[in-house]
1. Which shape class applies to the chain: rounded if a/c is under 1.5, otherwise prolate when a/b exceeds b/c and oblate if not, where a ≥ b ≥ c are the square roots of the Cα gyration tensor eigenvalues?
2. Suppose every K and R has +1 on its Cβ and every D and E has -1 on its Cβ; what is the size of the dipole of the chain about the Cα centre, in Debye to the nearest 20?
3. Straight-line reach from Lys30: which aspartates and glutamates fall under 13 Å, measuring Cα to Cα and dropping same-chain residues less than 8 apart?
4. Could you pull out every whole DSSP H run in the chain that spans at least 24 Å of Cα extent along its own axis and averages -1.0 or higher on the Kyte-Doolittle scale?
5. Given the options Asn119, Met172, Val63, identify the residue whose Cα lies farthest towards the positive end of the charge dipole of the range 28-200 (+1 on Cβ of Lys, Arg; -1 on Cβ of Asp, Glu).
6. I'd like to compare 150-159, 126-135: which one has the highest average count of other Cβ atoms within 10 Å, and what's the full order after that?
7. Based on DSSP H runs of at least 4 residues, each adding -39500 (n - 2.57), what is the mean residue ellipticity at 222 nm of the chain after dividing by all its residues, to the nearest 500 deg cm²/dmol?
8. Take the alpha carbon gyration tensor of the range 77-132, find the square roots of its eigenvalues, order them as a ≥ b ≥ c, and report rounded if a/c is under 1.5; if not, report prolate when a/b exceeds b/c, else oblate.
Amino acid sequence: MTFNYKDVCNNESNEAKGLQGRLDLKEFYKSINNAIIDWICIAEDYKDLLCNHNEDSISLYLVIYLKGFFKHQYEIEHDCHQGGHVDISIKRDRYRWIGEAKVSKGSTYSLKGFEQLVNRYSSGSPTCSEGGLLLYITNKSAQNKKSTDVLQEWKKNIEQEIDDLTIDEPDMARTGLSFISRHTHHTSGLEYTVHHHVVQLQHFPTD
């Protein structure tokens, strides 16, 4: 059986989403960002098991999930090399999405992750124009702060750091816990997009 592009676009399976991403750059980035939101929702359901993990092991769970989600559609790696040690790398042919993860320890530490993602790892070229910053809130890093406060503090900080930054609203499933930023990449001079996610893994039951 053969499928044309319209058939693929009308198919909602994970395999079809991956194939769409192989045919269209916008769909490549869209499929990744949607899959990451799906994983965040699952991870937050298991916060009681993840609340004391470090950022490397949490990111490994994400990479394993993405490998299963996209099967063999994309090349997905953990801790690979591109200008340094990249936490999450997703490739399709010559195109790449890069993810940097940090346990939330305040805006200064988050800024370090952002700068690694944008200034160290990404080229900012048309083949590497989008990435993600994941801030894991664990029991050790929670510091009695609500997740919305963590995100707002980070958002305020990065708006002060980047002159031409613009902010867009995230997917409805992450309203108040994510945002999207766009700014001019410091070496390419082209627009670079970052999806910022707070991942709520802190677990303090009161029963």
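Throughout, read-outs are computed from the coordinates displayed, never taken from laboratory work. Computed from a predicted model, the values in this text were never measured in an experiment. Glycine also receives a Cβ, built like all others from the backbone with ideal geometry; neighbour counts cover every protein chain displayed.
1. Since a/c reaches 1.5 but b/c is at least a/b, the shape of the chain is classed as oblate.
2. Numbers: 23 positive and 30 negative charges, 47 e Å.
That gives the chain a dipole magnitude of about 220 debye.
3. Of all the aspartates and glutamates, those that pass the test against Lys30 - Cα under 13 Å, at least 8 places apart if same chain - are Asp38, Glu130, Asp171.
4. Details: long enough: 25-45 (31 Å, 0.16).
Span-like helices here: 25-45.
5. Looking along the dipole axis, the top candidate is Val63.
6. In descending order of packing, they fall as 126-135, 150-159.
7. Details: 7 runs with 80 residues, N = 207.
The per-residue figure over the chain is -12000 deg cm²/dmol.
8. Details: a/c = 2.34, a/b = 1.76, b/c = 1.33.
Here the range 77-132 falls in the prolate category.
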